[in-house]
Amino acid sequence: MKVILKQNVPSLGKAGDLVKVNDGYARNLLIPKGLAIEANEKNIKTFEHEKKNILQRAEKEQKAAQEQAAKLSSVTLTIARKVGDQDKIFGSVTSKDIELALHEKGFTIDKKMIVHDEQIKSLGEFKVKIKLHSGIEAEIKLNVIGE
């Protein structure tokens, strides 16, 4: 099935591209999530008209993501946790905890955007990546201290 992408999809292409994908992928993921529309004659004509607006919107989103990445790069979060023997914390610091700490600082970041390689189960300083947009990531410092 041929579809026209309405947004950038990392594994397929950029907004405005006409791509061929499996029928199930288009019907179950791309079209319901609003990432693409089916490429029939009517949609192609309509899309050519809207393509300029979509490309401008995608460019605005990318610029906004870059600005937010610049702001986030200077952020240092401090999260306090209860500590047991040998300076091990009870539980771990999760993406939800980081999301709440960022929200307190005035950033609206979804926990799904937060990427950390290992579980944070000890005191110390950690680097946490936040994926803001396709190809745009910010890295924040996270200090975990004992209560």
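The values are calculated or read from the model by the stated rules, or taken from the named source; none is laboratory data. Just so it is clear, the structure is predicted and the values come from calculations on it, not from any experiment. Here the Cβ is made from the backbone with ideal geometry for all residues, glycine too, and neighbour counts use every protein chain on show.
For the subset of region 129-143 comprising residues that are among the β-branched types (V, I, T) and modelled with pLDDT of 90 or more, which member is surrounded by the most Cβ atoms within 10 Å (Cβ to Cβ)? So the residue we want is I130.
Within region 84-91, does at least one residue satisfy the condition of being among the β-branched types (V, I, T) and either out of contact with any Lys or Arg (no Cβ under 6 Å at 6 or more places or on another chain) or not assigned by TED's automatic domain parsing to the domain that holds L132 (or both)?
No, region 84-91 contains no residue that is among the β-branched types (V, I, T) and either out of contact with any Lys or Arg (no Cβ under 6 Å at 6 or more places or on another chain) or not assigned by TED's automatic domain parsing to the domain that holds L132 (or both).
If you check K105, K141, K42 for being assigned by TED's automatic domain parsing to the domain that holds N8 and over 13 Å from the mean Cα position of the chain (by Cα), only one passes: K42.
Where strands (runs of 3 or more DSSP E) fall wholly inside region 7-115, the ranges with 1 or more residues that are of a type in the set (K, R) and over 16 Å from S134 (Cα atoms) are 18-20, 76-81, 88-93. Of the residues G124, G91, G146, which single one is more than 30 Å from L35 (Cα to Cα), touching a residue at least 40 places away in the same chain (Cβ under 8 Å) and over 22 Å from the mean Cα position of the chain (by Cα)? Within the list G124, G91, G146, the selection yields G146.
All of A80, A70, A65 fail the test of being of a type in the set (G, A, S), surrounded by fewer than 17 Cβ atoms within 10 Å (Cβ to Cβ) and either under 20 Å from T108 (Cβ atoms) or in contact with a Ser or Thr (Cβ under 6 Å, 6 or more places away or on another chain) (or both), apart from A70.
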